[in-house]
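Notes follow the structure.
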Amino acid sequence: MTRIVTPLQLQYVDGETWLLLTNFVAVSETLGTILVPLGFATDFNSIPRGLWNILPPDSWGEAAVLHDYLYRMGKIGAKPITRLQADTVHREFVHLRGAGWKESAMFWA
């Protein structure tokens with residue numbers, strides 16, 4: 001079952017970067033338990049600027065942090081992660097927050 005285990009605690013650093021203040025743990029139906037370590041930097045969702053009014057890049061923070069982490073690391077422990085798996089995890093956590101039609105829009109944006 002997709003769920004968030006620990007709250008997302010971040011500090012804004014500059015015009016596009018946020019820093020994790022604590023470990024962030026979530027459970028994905030796709031990949032199981034994912035731990036994003038304290039100090040990880042994220043830019044949240046990479047959404048084209050013209051879409052920010054309907055898909056703000058700082059919405060769905062949990063999904064964005066997990067996605068950025070999986071893309072950058074390319075693995076969980078020794079287990080390799082594909083980009084499609086990272087994208088699927090992002091979609092799982094957008095769906096968890098009840099994004100409705102925006103879930104598909106975020107996936108394709």
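Give Val13, Val94, Val89, Val25 a once-over and let me know the one that is open to solvent by less than 30 Å² (accessible area, probe 1.4 Å) and either at pLDDT 95 or above or more than 13 Å from the chain's Cα centre (by Cα) (or both).
Exactly one residue qualifies, and that residue is Val25.
Yes/no matrix, rows are residues, columns are (1) at pLDDT 90 or above; (2) open to solvent by 60 Å² or more (accessible area, probe 1.4 Å):
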residue: Pro56; (1), (2): no, no
residue: Leu66; (1), (2): yes, no
residue: Met73; (1), (2): yes, yes
residue: Arg83; (1), (2): yes, yes
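Do we have Val5 as at pLDDT 95 or above, open to solvent by less than 40 Å² (accessible area, probe 1.4 Å) and β-branched (Val, Ile, Thr) here?
Here the answer is no, as Val5 does not meet what is asked.
Would you tally the residues in the range 30-54 being open to solvent by 70 Å² or more (accessible area, probe 1.4 Å) and modelled with pLDDT of 95 or more?
Residues flagged as open to solvent by 70 Å² or more (accessible area, probe 1.4 Å) and modelled with pLDDT of 95 or more within the range 30-54 amount to 3.
Go through the range 28-38 and report how many residues are free of Cβ contacts under 8 Å to residues at least 60 places away in the same chain and under 16 Å from Asp68 (Cα atoms).
7
The values are calculated or read from the model by the stated rules, or taken from the named source; none is laboratory data. Please read these numbers as outputs of a predicted model, since none were measured by experiment. Reconstructed Cβ throughout: ideal geometry from the backbone, glycine too, with neighbour counts over all protein chains shown. In case anyone asks, the SASA skips ligands and DNA or RNA and just uses the protein heavy atoms, side chains included. Shrake-Rupley method; radii C 1.70, N 1.55, O 1.52, S 1.80 Å.
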